[in-house]
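The structure under discussion appears below in the form of structure tokens.
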Amino acid sequence: MVTVPRTPSGGPSMRCSVLHLGERGLWSKYTLFEQSRRAPLIVRVPGARGNGRACTRLVELVDILPTLGELAELNLAANLEGTSFAPLLDDPARSWKKAAFTEFATNKVINRAVVTDRYRYAEWPHQGEIVTELYDLREDPWETVNVVNDPGFAETRAEMAALLKSGWKAALPQR
């Protein structure tokens, strides 16, 4: 339990920012599916124009530290692997990063995925080969139909594979 600082009149302090990160259960998930990888995040910052509004932009857990650092006006290391999402707190609908990345290691291999607002592409190294998945999250939000071998998605597959290979810096928002 966290106690929010109060003013003498008993209301919440106008200088207090609140960040609540929901969690999807204990231990590792060992999967790249969106239902397991996503976590709810609620942020309230005094004076932010976006307070009380939902934001559907892509934010990653590595973005939390840079965001808190910016809000607290701290000088953080320039080599952090995240980017502050503080601009979204004022304008939740603004253009933002084009992708989010997930990876986890098992049996000495790294399984990786990239997700955009519409697609999720994953690569699973297995016995010297790379097993791939591509899901159209708009048409198939539960990721039940892997369209990676569908000729109609060949261009999307190539774009998503290139995005995964290029890494998180290629997906950063314009600032």
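The values are calculated or read from the model by the stated rules, or taken from the named source; none is laboratory data. Since the structure is predicted, the reported quantities are computational estimates derived from the model, not experimental observations. Cβ: placed from backbone, ideal geometry, glycine included. Neighbour counts: every protein chain shown.
Please count how many residues of segment 108-118 are surrounded by fewer than 21 Cβ atoms within 10 Å (Cβ to Cβ) and modelled with pLDDT of 95 or more. Steps first, please.
Residues of segment 108-118 surrounded by fewer than 21 Cβ atoms within 10 Å (Cβ to Cβ): 108-112, 116-118.
Now drop any that are not modelled with pLDDT of 95 or more, which leaves 116, 118.
Count: 2.
Give just the number: which of (1) of a type in the set (A, V, I, L, M, F, W, C); (2) assigned to a loop (DSSP other than H, G, I, E, B); (3) surrounded by 14 or more Cβ atoms within 10 Å (Cβ to Cβ); (4) touching a residue at least 24 places away in the same chain (Cβ under 8 Å) does residue 64 not satisfy?
Going through (1) of a type in the set (A, V, I, L, M, F, W, C); (2) assigned to a loop (DSSP other than H, G, I, E, B); (3) surrounded by 14 or more Cβ atoms within 10 Å (Cβ to Cβ); (4) touching a residue at least 24 places away in the same chain (Cβ under 8 Å) one by one, residue 64 breaks only (2).
Here's a check for you: in segment 73-107, which residue that is free of Cβ contacts under 8 Å to residues at least 12 places away in the same chain and not in a strand (DSSP E or B) is surrounded by the most Cβ atoms within 10 Å (Cβ to Cβ)?
Among those that are free of Cβ contacts under 8 Å to residues at least 12 places away in the same chain and not in a strand (DSSP E or B), it is 76.
Within segment 31-41, is there a residue that is free of Cβ contacts under 8 Å to residues at least 12 places away in the same chain and closer than 29 Å to residue 142 by Cα?
First, the residues of segment 31-41 that are free of Cβ contacts under 8 Å to residues at least 12 places away in the same chain: 31.
With the extra rule that they be closer than 29 Å to residue 142 by Cα, the set shrinks to 31.
Checked against the condition, which is being free of Cβ contacts under 8 Å to residues at least 12 places away in the same chain and closer than 29 Å to residue 142 by Cα, segment 31-41 yields at least one hit.
Do we have any residue at all in segment 111-129 that's free of Cβ contacts under 8 Å to residues at least 24 places away in the same chain, of a type in the set (A, V, I, L, M) and at negative phi?
no
Take the residues in segment 83-107 that are within 16 Å of the chain's Cα centre (by Cα) and modelled with pLDDT under 90; name whichever of them is nearest to residue 43 (Cα to Cα).
Quick first cut of segment 83-107, residues within 16 Å of the chain's Cα centre (by Cα) only: 83-89, 92-104.
Filter once more, keeping what is modelled with pLDDT under 90: 102-104.
Values: 102: 22, 103: 25, 104: 26 Å.
Out of the qualifying residues, it is 102.
Name the residues in segment 27-51 that are hydrophobic (A, V, I, L, M, F, W, C), surrounded by fewer than 16 Cβ atoms within 10 Å (Cβ to Cβ) and at pLDDT below 75, would you?
Within segment 27-51, just 27 meets the criteria.
Is segment 145-165 home to any residue that is of a type in the set (Lys, Arg), touching a helix residue (DSSP H, G or I) at 6+ places or on another chain (Cβ under 7 Å) and either surrounded by 15 or more Cβ atoms within 10 Å (Cβ to Cβ) or in a helix (DSSP H, G or I) (or both)? Full working, then the answer.
Taking segment 145-165 and keeping what is of a type in the set (Lys, Arg), we get 157, 165.
Among the residues that remain, those that are also touching a helix residue (DSSP H, G or I) at 6+ places or on another chain (Cβ under 7 Å) are: none.
No: zero hits.
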